[in-house]
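Beneath this line is the structure, given in structure tokens, with notes to follow.
Each value in this text was obtained by applying a stated rule to the coordinates, not by laboratory testing. Bear in mind that the values here come from a model prediction, so they are computed numbers and not experimental data. Positions of Cβ are generated from backbone atoms using ideal geometry, with glycine treated the same way; all protein chains shown enter the neighbour counts.
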Amino acid sequence: MTVSRTAPEDQDSDKTRAGIQSVEVGFALLEVLAQAEGPLMLRDLAASAGMSAAKAHRYLVSFQRLGLVVQDNASTRYELGPATLRLGLATLSRLDAVKMARERLPALMEKTGHTLAIAVWGNHGPTLVHWQESPLAVPVNLRLGDVMPMLSSATGRCFAAFIGNGVGADRARAMIEQEMLLARKLGRTDVPTTAAGVRELVEHTRAQGLGQVVNVLLPGISGFCAPVFDADGHLSLGVVALGSSATLDTQPRGTVAQQLLSMTHQLSADLGWHRA
């Protein structure tokens, strides 16, 4: 008779995959508290985590000892404790938004089939810092380090709409003024030439949730740029999708735009941003 023996390294691997179920179960309570608008009563916290009040209480006792949860003596409600803040701040300090975005582009390209890019706010405006061209893409005369115009590019429109009053806002306004002046001189009708027109474009972009151009910056090329926010709600970067106007779905609620928004929303959440 042959006896099958499991190698020690295989046993360790099985244990690693199995994990510790009680930790995973208890973490559900922390997730509920993290998503709640305020402190919760035990019964509400337990119900939201899908467990009995007695079971939830046992976990909460341990979490309180670790500083992960605190309980108000007067209301008896539970809230996240100081240890979660320390962990969160430590995690945020280690996050690299551009690196995280780059790691997600291959999967997004597989879904969209179009060229993708990452833009950040540089000294001279919204600047392309990563470029990933689709093998099936129409050649586009854009490269790393290019500073994108504020009104005639999807990237610029994204930054104009979501940069807020943070770093770069004054520079953004100056760039917009210069671009409007040039557009008026050239008699362009595909970009705003007045302050009212810019406000309308910004409001439209915010309503869509991403910047968009169709045959504006480059003939025959359309694109989207979706914002990524950090934990403080500041614009961290923009993720761009662009391609031939003949093949790119240019509808804001179309496949490409929605896949782009899905990716940027998740990245923002992973950076600590919480949508209101």
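Details
- Length released on extending from Leu87 to Met100, taking residue separation times 0.36 nm less the Cα-Cα span: 2.8 nm
- Contour minus Cα-Cα distance for Asp232 and Val25 (0.36 nm per residue): 71.6 nm
- Among 81-87, 40-46, the peptide with the highest mean count of other Cβ atoms within 10 Å heads the list, and the full ranking is 40-46, 81-87.
- Here's the picture: a label point sits 7 Å out from the Cα of Asn141 along the beta-carbon direction, and within the stretch 240-261 the residues with their amide nitrogen under 19 Å of it are 242-246.
- The stretch 95-270: relative contact order as a whole-number percent, Cα under 8 Å and 6+ apart: 24 percent
- Here's the picture: a label point sits 7 Å out from the Cα of Ser134 along the beta-carbon direction, and within the stretch 107-124 the residues with their amide nitrogen under 14 Å of it are 107-117.
- Mean-position separation - Cα centroids, the stretch 195-241 and the stretch 118-193, in angstrom: 9 Å
- Calculated FRET efficiency for the pair His274/Ala174, C-beta based, R₀ 30 Å, to 0.05: 0.40
- The stretch 35-152, relative contact order [Cα under 8 Å, separation at least 6], %: 14 percent
- Paramagnetic label zone (point 7 Å from Cα along Cα-to-C-beta, Arg184; backbone N under 18 Å) in the stretch 141-162: 150-152
- Relative protection proxy for 145-155, 115-125, 49-59, 262-272, from highest mean packing down: 145-155, 115-125, 262-272, 49-59 (other beta-carbon atoms within 10 angstrom).
- Summary value for the stretch 21-87: 29 percent relative contact order, contacts being C-alpha pairs under 8 angstrom separated by 6+ residues.
- Residue among Gln64, Gln132, Gln208 with the largest mean-square fluctuation in a Gaussian network model of the chain, springs linking Cα atoms under 10 Å: Gln64
- By the combined test of axial Cα extent (at least 24 Å) and Kyte-Doolittle hydropathy (mean at least -1.0), the qualifying DSSP H helices of the chain come to 169-186.
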